[in-house]
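Undergrad: Handing you this structure, nothing more for now.
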Amino acid sequence: MTRPKVEILISSLTLEDVNDVARLKRSSISQLNSLDYSKKQIQVLINSHSFSFNADEISSLISSETIQFPALLHVQNDSGANIVARIENEIVGYASLGSLSPFENFQTLQELFVHPQYIRRGVGTKLLQV
């Protein structure tokens, strides 16, 4: 059965996207890795991607330079690309590219996640083509 063609829009990660990306990561890890990892390993991976933030509170703290949030550095990272894929305004994919060292002249793929309902529909490919 052929799936209908959908438009995949790519945009930069924003602070407002962080919670949706965290949910996407947890869903992807728990559903797509169940054949490759034990339940305990999956739980550890999920826990490492389990966070949620109030974007308005965090944004005001960051803009006032009161505090820095290491977990959010990827949102403001000028040395890499952090992008999301959307279908009909829903985040269905996330990719992070960056340098492992400030002295490197190239970037590597650090993370790539696709929502389980959207695998094999070109989301990952589109994220890698940007």
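Please treat every number below as a calculation from the coordinates, not as lab data. Only a predicted model underlies this, so the values are computations on that prediction, with no experimental measurement involved. Ideal geometry is used to build each Cβ from the backbone, glycine not excepted, and the neighbour counts take in all protein chains shown.
Undergrad: Tell me the chymotrypsin sites (Phe, Trp or Tyr not before Pro) within region 91-130 that lie in a loop according to DSSP and have at most 12 other beta-carbon atoms within 10 Å.
TA: Values: sites: Y94, F103, F106, F113, Y118; in loops: F103, F106.
Within region 91-130, the qualifying chymotrypsin sites (Phe, Trp or Tyr not before Pro) (loop, at most 12 other Cβ atoms within 10 Å) are F103, F106.
Undergrad: Rounded to whole Hz and in sequence order, give me ³J(HN,Hα) for region 84-92 from the Karplus expression 6.51 cos²θ - 1.76 cosθ + 1.60, θ = phi - 60°, writing x for Gly and Pro.
TA: 10, 10, 10, 10, 6, 6, 9, 6, 10
Undergrad: Using 7 Å Cα-to-Cβ label points, what is the Q110/N47 separation (nm, one decimal)?
TA: 2.3 nm
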